[in-house]
Structure formats: C-alpha cells, structure tokens
Amino acid sequence: MTDERPAADAPAPEAEPSTERPAELERPLAAAEMTLLVDAGSAWTKAALVARTRGRWRLVAHDAQPTAWGEEALRGTLAARIAPVADRRVADRLRQLLGAAPRISCHTPRRAGRLALAAVSVELSGASARRAAESAGWTVEVAATADDGRSLVERLALLQEVDVDAWLLAGGFEAGRADQALEIAGLVAAARGGSGAPVIWAGASSLADEVTLMFEPDAVGVVPNARPSASEEDPLPLRHALEGLLQRVIEPAGTRQHTPVAFRRSVAQLARTTGRRIVGVDIGAHYLTWVRSDEEGAAESRVFAAGGLAAARQASGGPGRLARWMPMAIDELAVADVLQNLNARPATLPQTEDELAIVHAAVRQQLAVALEADGVAGTELDGIDLLIGAGRSLAAAPRPAQAAQMLVDGVRPLGVTQLALDAAGVLPPLGALDDAEIAEGMGVLRDDLLVPLGTSVVCRGGRAGQLLMRIEIHRTGWPAIGPLELRSGQLQVVSLPRGHDAELEIELHNGASLGGPRRTRRVTASAMGGVVGLVLDARGVPLGLPRRTDDRRAVLASWRDTFGREAAVPALDAAMAGVR
Amino acid sequence: MNGATLHRVHLPRGATPSVSANAEVRPEQVLAVRRRPGQPVRVRVTEAFHRPPGQVAALLLARPGQLVEEGAPLARDPQGHELAAPVTGLLLGVSASDGTALIAPLGAEEPVIGHVHGRVRAVEQNAIVLEVPGVVLHGVGGTGEAVHGELTVAVHTPEEELRAGAIDVSATGKIVVGGSRASAETLTRARAMGVSGIVLGGVLDKELRDFEAIQRRRREIGGMTGSFGVLLLEGFGKVGVDPQRFAWLRSHAGRTASLFGAEGLLFVHEASPPPTRRALPRIGERVVAHRRPFQGRAGVLVAELEDLHATPSGIPARMGLVRFEDGRLAPVPMANLDATLVAARG
C-alpha cells in the first residue's frame, strides 16, 4: 500500500494511535512497512494488517474481536499472529510498530436517525415511505396512519410521546385529492409542536403547499410522491432525500468513514475495476447494508439501521418463523431467548451448535427480509456477476460452505453468480480512502481482497419433480463432468477448486429460467472455483419448505449436508489435554 | 457512597417543567406537568362562512399545533367576519372534506415524576437532567414503567426461581429482587399485589411477552392502576443473578431503589459501589459467562489458551479456561466472559 500516512480525517473509535513515534523506532533499525485496516463495528472490530513481504504488499494477518476490548488488545493479537513469521529484526517490536503504523479506518455510525412516520394508509403510502426510510439508514420509531385502527386522540398521544430527529409525512395519489393526507399532516403539526425537527413531505404534490403552510417557514422539505398511485412506487427520490437529511442531522461532519458508506464505495470501485455487476451484503450486529453496482461503478445502496442480527427477534414472524428454518429440533422458546441474548450482548459468540444454527438462520432471514422489504425479490437480482458477503457472522462461519449457504439461501441470486467473502473485513476500510486511493488499495491487495467461495447457478420455475437443468462442466485439461441433471427442489455442490475456471453448458427444461429478459433454453456461462465449489441450485426463488415439521427438517438437513464438505477446525481436546 | 449519577427524565412534548436547576427533588416529586389533548371538538367553519370545504384552511387564524383560547377568533373571512373558538384546546387541523376544524381540548394536568431523588442539573427542552446520589446497575432488558420503592430480596439464592407464592402483601410498593426466572403468572400476581418492580437474573422471552400481552389486554379493558416494571440483569432464559451482584443487592435491602424497566436501569440510592464488569478478563480474575451452556455462571479464569481454538459450535476463537463455582473446569470463548470486580472499600 503506497499510502504511508493515516487517513487524515479517519476518526478513531477508541484511542487514536499516538502520532509520536516511540524513541526506539527512531533508531536506524530495519524498516517495517505496514498499514492497518480497521473497521470498528458497534459490537466487533475487524482489523487487517497489510505489510510488504518479499517485495509485495500482502494481507499478512487479520482478526476480529469485541470492540469493547480496545485497540491495544487488537494490536497484541495481531502481533502474536505475525510474530512466528516476522523478520526477526523487528519481531520484538511488533506491538510498537503496529501502534505507529498508518491506519485506514471506518466505523459504524454512532446512532441511527430516528423518524416518526405519518401516512394515510398502512399498506400503500405508509409502506412505501417506511421502506424508503428503513433502507436509508433511519429507524422508524413510531408510525401513525389514518387506517391504523387508533382514534385521533390515541394517534396524537402516540406522536407526542416520541422523541425523534425528523418527521416523514406521506399520502395521497397524484391523480386525486386526498383530504386524509392533509388531516394527518395537521395531526403531525399538532404533535410536533415547536420541536424544530425537520419535516419531509413525500405525498401528493398537489398538497405540498397546504402542508408546508401548516408548519413554520423552512421546516418542510418536499420530495416527489413515493407512492404516486396504488400500483406505482417511486421510493428513490425520498430515499436520497432521507440519506441527505441523515447526514445533515446526525453526522454533519461527513459520512465517508461510516462503514455502510465506505462499503458502498468499495463495492462500486471493485465493479468499476473489474467491469462486473456486483451485489455486496454486509450484515453486522445492528446494521445491514446491501449494495448493487453496475459494471460502470454506479452503485445504489440500502442501509438498514435495524436490519442486523440484533433485530432478528423483531422480524416479521419472529422466533416462530426462524424456528421453521432450523434443520434440528429447537423449540421456538429457545430460539426467542437466543435472539434476545444476541440483541443484549451482540459481541458474544454462539458456543453451542444449536446457537450457531440459530444465528445462521437469523442471518439468512435478515438478508431475505432486507431484500423483501426493499421490494427486491430474488427474481430481480439476476444478471449479477459477483455476490460478496461481509460482516462478522458470515466471515466467522466455521466453514466457508456455511457462509455460502447463508448467502445463497438469503439472497437467492438468480442465474450464474460468483460468490465471495470479505473474510478479513478489508472492503469497508478501503472504501474510506479517497476515490483514487481505493482503486490503488484494491490493486495492491488484489490476491487477498476476497475469499472466492465458488459459483452458484440458481434457477426458478418448473413444478415439483420436473427436470429443470441439465449441466455439463468443462475444464481445460480435465474430462468434462456431466451432464448433471437437476430436478425441481434439488441442490448439488460440485468441487471446483480455487483458481480453477470452468465453462458451463446449461440446458433449461420445463419453463426453468436463470433470469434475464430472454427465455433461452441453452445457456453457456463461465464459473470460477472457490473453497466451496460449484453450487447447482434448482430449489426455486424464493425458497419453499414442506409443511410437515419432519419433512421440513429433513429437507433443511439435506441442504446443510450438501453444502458442508470441508474438514472442521482442529478440535479443542488436544489443546486442553496439557491444561488438565 | 459512590458520588452522583446523571439521569435524564424524558419530557413529552407539551409538558411544562415545574422544577428549576439546582432544586433538590424526591422520587415522588412532580418534575413537570402535561395536559393531554382529549377527544376533538368539530367546529363547522364551512357553515359559518358559507364557503366550500376546500377554502376553509385559508381562513384559519391559527396553525395546527397552536393553542386556541375559548372565545378567541379561530377564523376570519375577507369581509372581516370572525368565528370564535368554542373551547380552549389544541388546533389539530381542518378537514378538507367537510370543512370542520378540529380542536382538541386539553385534559387535566398529569404529573411527570422522576422516581429518583437528587438535584436538578439542567432543564432541557425535552428532558430534565438529574444528579442522583446513588449507583446504577445496567440490565440487559426489561419492560414496564419507571417505578421506585424499597429494595427487598425474595429468594434465598441467586439461582432460585421467583415463585408466585413468595409474593405477599409485605412486598407491596417494593422493588423485589428475584432469582433466575419468574413466570408470567408470578409477574401478574406481583403486579396485582401492588409490587412496584421485579429485578431478575433472567426470564424466558415467552414469559415476558405473555406478561406484556396480559397487561396490554387489561389496560385496554381498563381498571389497571399503578405502575410496574421488570428489569433483567443477566440475560434471557433461566439465568441466575451473578452471586456477587446478588450479595450486593441483599446487602442493600431496605434502601430506596428506582427501576426503569424499558431503559434497563436500576438506581440504588445512598449505596456502596456495586461489583463492576469489564470485558477481556485477566487470568485469576473472577468472571461471569454470558452464553449457553454456561450463561450466568460465575467462576475464575485460570488460563487463556494459546492460539485460536474451535468452540463446540466450530467458531475459532480466543478461549479462556474457567473454573466455575461448581468446580467444573471448562473452556469458554473470551468474548463470552466479563470480569466481575468488587469495588475497593473506602
């Protein structure tokens, strides 16, 4: 990495590293060229050490630890990790060197913006406005709609109690006049009093002037109607307005070092550099960010401030819905307690297999919920070349296959998609650099940036038991594999090691589709290998499960077993033997 | 004594503070008053001015949210004709469909109570900041309103479950320290007996939700009086209170305590420093574990294993070796441990 200085405006989440170099470092000793990439999350801090080794910059170590442990502990862990392989001229000074190393950092926003939402209808204007707000990094603290079943007085009391940073009003179609929208705006004006919090009107444009007059001058910002008609939704202008408002209200100093923003910048740059269409999902303790970028680097992102694992308990359907996705018998009560504990102590680790299964099911659910909430069904996520998973839960999965399964099951990327993991958590810190430096940093780290998991081939369509795909796999210098036949509901994982490419000849049958505008029957695609391999998936989009509990668990267990193929991490017993 | 702790009392919009900075306040003292808007009165502006409903808003002399006085002009037409407000209240707006203005009369004054004693540090727009001479314990969850009362302990050991039978009239108005769990039935009975609040090590999420649902239904049908709060100190599930904390709570039985269920806080007034917690414990320190299968159990960290090791779930992690109080030696991820430190005396 050529950037030898700390990012000037990178805020330190805890102690800023000393700018004074320790005296012993001033001695003419062997130079240590290293840079620390740090992503300080609300629960976990991820750090990656990039250093020059044998003339090249490489990712030499990375670690994640609870943010509450502080930076000194992180440096100690990284120093211990590289000590056995470090140049012995600097081996005894690694901690100091790490302390003095340039640092590129980003962090989770200190807090989310809090919004009160008032709209005419729960299902139409209210739902559109809520989706736009929740994907722009806001949390909706309270929502009142004209059809929420409350009396006017109850609605007023509800709005008066809440402590928020801004108010969002929506309602009325463009074609007609909605008097209820004016009434709900009046209610907000009454409840808001003189609090001074900004108001956004995202309802019928014909009512904008009347709504504006209900508040003090300059209090109301008007954006295009997020729900112009019953069948039409236009959330983009509202989302952009809310993103801008969030920055002005919560973080006027700038958001470049915010992990969700930095992650988007990294994904966009990666797409621009590689000329590929990329979707990145980053799931943390509190935030869930998903980014979609075209090959030009034009990226759109959604930031769900309450979309992370800690919010899994509040997701629609709650623990019952999650329990349905467990391949083993874990009752709903246990699932509820584990989710609550995850919320209460997000920087702890699932210690038992059951808890890990619950956490992984929660990741899958949160990914699916976020995409659903934003109106992006799996069918719209076709034509993606690369799907990147980031965040502690994905990166810390004991087996890469588990991370791959969470991604494929949660996102359901239709078509042929390469899967990769930001295992070291380097994408967000790199995104905190200047535009030109991001590309440079990625170029330097090209071999270590992502862990390739493999490639997924996901199709939809067809009826139960019907043949959907016939796939032949060609690798240079190797005999062809197949044709492999996949019937509706089937899943198969074929070994395709990292660094190996393959050409896939896919024949689609019985109305199966890999997405895209054309309903082609024969498709040829390239697949990249990875630690998991080639995932051939005819389970449909979205995933469906049998009704009967035993059947459902059997199906889920078979999917888990199909994905899981690697050796486990060395067992603890050997290490324990000496201590006993 | 452990100095003072700051506490913010949220003021709903429209509340009027009745204390000023530096004032000494008691737990039951009224810090502010508010008047909730009641059922709105409809004022037929259309008929008064013979105008279509769509033109009524332009005639109003007040904006929604403004207080209008009875008899004061509410609307005026270009000819100078006026319509007086029939009641004093908050103008909610005007219905463009029928041209009526909605005025919500303000109800009786309701007190905003701080539930702690101390000194007013500042009066802000939406909060009163108090200095509380006491210590605060942070829980991991809870439910219910802010309450205060005398602290009392109703179980013999920190692992004991709080049974409905342990709650009797002697607990009325008190904050009761239970053990590892309480059922929805126990919580409902406690509330019915007039208990102010319950402090638990853990509770099943389902039991807490059931209790909240019962309270919600009772509130809807009316007749529910008094306030009640529940605080969880350790986690969800059947989780005992850390024995050190339990001993500290027991030693402070009889003191005034303030419980904020929704915020997960317990203030104990005029108290000695409680055992504190610190992440990343050191070898030899007393620790408490936070995840299953050792959730809520305390012990001593006897070693930290070198390198990363797989937990039973398979996640590679820094592991500590803990000698639990029941004599069992077990590896636990360091991330799942907190050191529990007893404050130095004097």
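What follows is calculated from the coordinates using simple rules that are stated; it is not laboratory data. Note that the coordinates shown come from a computational prediction; the quantities given were computed from them, not determined experimentally. Every residue, glycine as well, gets a Cβ built from its backbone with ideal geometry; the counts of neighbours run over all protein chains shown.
Of all DSSP beta bridges confined to region A:259-563, the antiparallel ones make up roughly 75%.
Rounded to the nearest 20 debye, the dipole magnitude of the protein assembly as shown is 1680 debye, with +1 charges on Lys and Arg beta carbons, -1 on Asp and Glu beta carbons, and the Cα centre as origin. With only the Cα atoms considered, region A:238-340 has a convex hull volume of 129 Å³ per residue.
Region A:343-373 and region A:511-557 have their alpha-carbon centroids 22 Å apart.
Normalising the Debye intensity of chain B to I(0), with uniform scatterers on Cα atoms only, and taking log10 at q = 0.08, 0.12 Å⁻¹ returns -0.55, -0.91.
Put in line by how crowded their Cβ is, counting other Cβ atoms within 10 Å and starting with the fewest, A:163, A:282, A:179 read A:163, A:179, A:282.
Shielding value for A:355-362 is 2, the average number of Cβ atoms from other chains within 10 Å of each residue's Cβ. Neighbour counts of C-beta atoms inside 10 Å place A:53, B:186, B:16 in the sequence B:16, A:53, B:186, starting with the fewest. Beta bridges per DSSP, both residues in chain A: antiparallel share near 60 percent.
Put a plus charge on the Cβ of each Lys and Arg, a minus charge on the Cβ of each Asp and Glu, and nothing anywhere else: the dipole of region A:113-250 about its Cα centre is then about 180 debye. Shown for region B:276-341 is the translational diffusion coefficient from the Stokes-Einstein equation, using the Kirkwood radius over Cα pairs, a temperature of 37 °C and a viscosity of 0.692 mPa s: 287 µm²/s.
Applied to region B:93-98, the Karplus parametrisation 6.51 cos²θ - 1.76 cosθ + 1.60 on θ = phi - 60° returns per-residue 3J(HN,Hα) values of x, 10, 7, 6, 7, 10 Hz, with x for Gly and Pro. Just so you know, the Rg over Rh for region A:113-250 is 0.92, from Cα atoms, with Rh as the Kirkwood radius. Considering only C-alpha atoms, what is the centroid distance from region A:68-117 to region A:442-479, in Å? Here the answer is 35 Å between Cα centres. Considering only B:281, A:104, B:95, and ranking their Cα positions along the charge dipole of the protein assembly as shown that arises from unit charges at the beta-carbon of Lys, Arg, Asp and Glu, the one farthest toward the positive end is B:281. Under 25 °C and 0.890 mPa s, how fast does region A:23-107 diffuse according to Stokes-Einstein, given a Kirkwood radius computed over C-alpha pairs? Answer in µm²/s, whole number. For the chosen part, D equals 187 µm²/s. Packing around the peptides A:46-52, B:287-293, B:260-266, taken as the average count of other Cβ atoms within 10 Å per residue, puts them in this order, highest first: A:46-52, B:287-293, B:260-266.
Per the Kirkwood formula applied to alpha carbons, region A:84-171 shows a radius of gyration over Rh ratio, Rg over Rh, of 1.47. Ranked for footprinting exposure by Cβ neighbours inside 10 Å, fewest first, B:340, A:476 give A:476, B:340. I'd like the distance between the alpha-carbon centres of region A:131-171 and region A:201-267, rounded to an integer number of Å. Value for the Cα centre distance between the two parts: 15 Å. Between the amide H of residue B:181 and those of B:162, B:201, B:202, distances stay under 5 Å, these residues lying 5 or more places away or on another chain, with hydrogens modeled in the peptide plane.
Using a ≥ b ≥ c from the Cα gyration tensor of chain A (square roots of the eigenvalues), is it rounded, prolate or oblate, where a/c under 1.5 gives rounded and otherwise the larger of a/b and b/c decides, a/b for prolate? It is oblate, given that a/c is not under 1.5 and a/b is not larger than b/c. In the protein assembly as shown, a dipole from Cβ-located charges (positive for Lys and Arg, negative for Asp and Glu) runs towards its positive end, and of A:530, B:129, B:32 it is A:530 whose Cα lies farthest in that direction. Each peptide in B:87-96, A:295-304, A:409-418 receives the mean, over its residues, of other Cβ atoms within 10 Å, and ordering these scores from highest gives A:409-418, B:87-96, A:295-304.
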